[in-house]
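Student: Can you read through this structure? Questions will come right after.
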Amino acid sequence: MFTSKFTKTYSLSSPLKESDVTPESSYLNRRSFLMAASLPFIGNSYSAHAALAGFDAKASSAKTSHTVEGEKLNSFEDITQYNNFYELGTAKTDPYKNADALVTEPWSVAIEGHCAKPGTYTLEDIIKPHAFEERIYRLRCVEAWSMVVPWLGFSLADLLTRFEPTSKAKYVAFETLYDPKNPLPGQNRPVIDWPYREGLRMDEAMHPLSFMALGLYGKSLPNQNGAPLRLVVPWKYGFKSIKSIVKIRFVESMPKTSWNMLQASEYGFYSNVNPSVSHPRWSQSRERRLGELFKRPTLMFNGYEKDVASLYKGMDLKKYF
Ligand SMILES: Nc1nc2c(c(=O)[nH]1)N[C@H]1C(S)=C(S)[C@@H](COP(=O)(O)O)O[C@H]1N2
Ligand SMILES: [Mo]
């Protein structure tokens, strides 16, 4: 049972029977085993914020609070060398190759809109009060591939609550960095109306599954995965999980979001994973898990239906796709 500091009490289905909880010591052993097994080298792509005071201590005391039963973690290589991050190029291997172009130090996040504590917060301010958890979540791209990723971070609700959103805050809007004078390699072309934008309804943002990730596989996020901090909303298509966030704005009406701006008939604001609502150009009923040969069926809300279906009660999900 997780109590959101906002209003509701949620009962989550995916976490954790007592027997699933890996004790810290064996978790750390397992993690070093996994790291050893899957990391032939640690590339150039770790962001500098690993050096932030407290990061390593938070990382090493993180407990695994959510897991995906009966499914294997994807390898570190899969997760960090097959990416969508158009600011670093549109090919799947571009973000890994161009990772160094993203400079993550110094980093700050502007908090704006309907809240009592707007302002510019350094990355250190953002991280400081939060303990880290590890959450193993499925990530399902709208392109019909998927992965299982061990994220490190804290719940988005715990972060947002600190800024004391007011009753006018009905949605939260997020933006990725964009400096027109110093664009990232992929931002030289107007593939997207930069900056990349995303948004959530307030109750979605405050749902205990919504996660602010600062790391994966026990380390700070590689740049190509959205360093130094990115959203992870596991029941929605991957493009909602915006990377390298520089702005969070509490707003009254539904914010513009990049893929919806680009092609509203194909990408809705909600974009909940839904095997029975096809993308206009391809079916969403099945997906290819990276590292697997055969397709597997896509699960309603990406397997998080018990946790999140109540958010959409009474909504026609074919209309609000
Ligand atoms: N800023 C930004 N965030 C982004 C994207 C992007 O191009 N730019 N791509 C999205 C898409 S389509 C997916 S599937 C996920 C991929 O995350 P991963 O590369 O860590 O697997 O990031 C999302 N977040
Ligand atoms: Mo995606």
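Student: Compute the distance in nm between two label points, each set 7 Å from the Cα along the Cα-to-Cβ direction, one at residue 69 and one at residue 266.
Tutor: 3.7
Student: Using 0.36 nm times the number of residues separating residue 60 and residue 317, minus their current alpha carbon distance, what extension gain do you get? Don't skip to the end; give the middle numbers.
Tutor: On the way: separation 257, 0.36 × 257 = 92.52 nm, distance 4.04 nm.
Gain on extension, residue 60 to residue 317, equals 88.5 nm.
Student: Which of the chymotrypsin sites (Phe, Trp or Tyr not before Pro) found in the stretch 70-158 are in a DSSP loop and have at most 11 neighbouring Cβ atoms, other than their own, within 10 Å?
Tutor: none
Student: With r as the distance between the Cβ atoms of residue 254 and residue 306 and R0 = 22 Å, compute the FRET efficiency 1/(1 + (r/R0)^6) and round to 0.05.
Tutor: 0.25
Student: Take the Cβ-Cβ distance between residue 285 and residue 164 as r, set R0 to 41 Å, and report the resulting FRET efficiency rounded to the nearest 0.05.
Tutor: Working: r = 42 Å, r/R0 = 1.03.
After rounding to 0.05, the efficiency reads 0.45.
Student: Give me the one-decimal nm value for the distance between modelled label points at residue 181 and residue 103, 7 Å along each residue's Cα-to-Cβ direction.
Tutor: For the pair residue 181/residue 103, the computed spacing is 1.2 nm.
Student: Pop a pseudo-label 7 angstrom from the Cα along the beta-carbon direction at both residue 188 and residue 128 and give the gap in nm to one decimal.
Tutor: Distance between label points: 4.0 nm.
Student: Multiply the residue gap between residue 116 and residue 292 by 0.36 nm, knock off their C-alpha separation, and tell me the result in nm, one decimal place.
Tutor: Roughly 58.6 nm would be gained on extension.
Every number in this text was worked out from the coordinates using simple rules, so none of it is lab data. Please read all numbers here as calculations on a predicted model, not as lab measurements. Cβ: placed from backbone, ideal geometry, glycine included. Neighbour counts: every protein chain shown.
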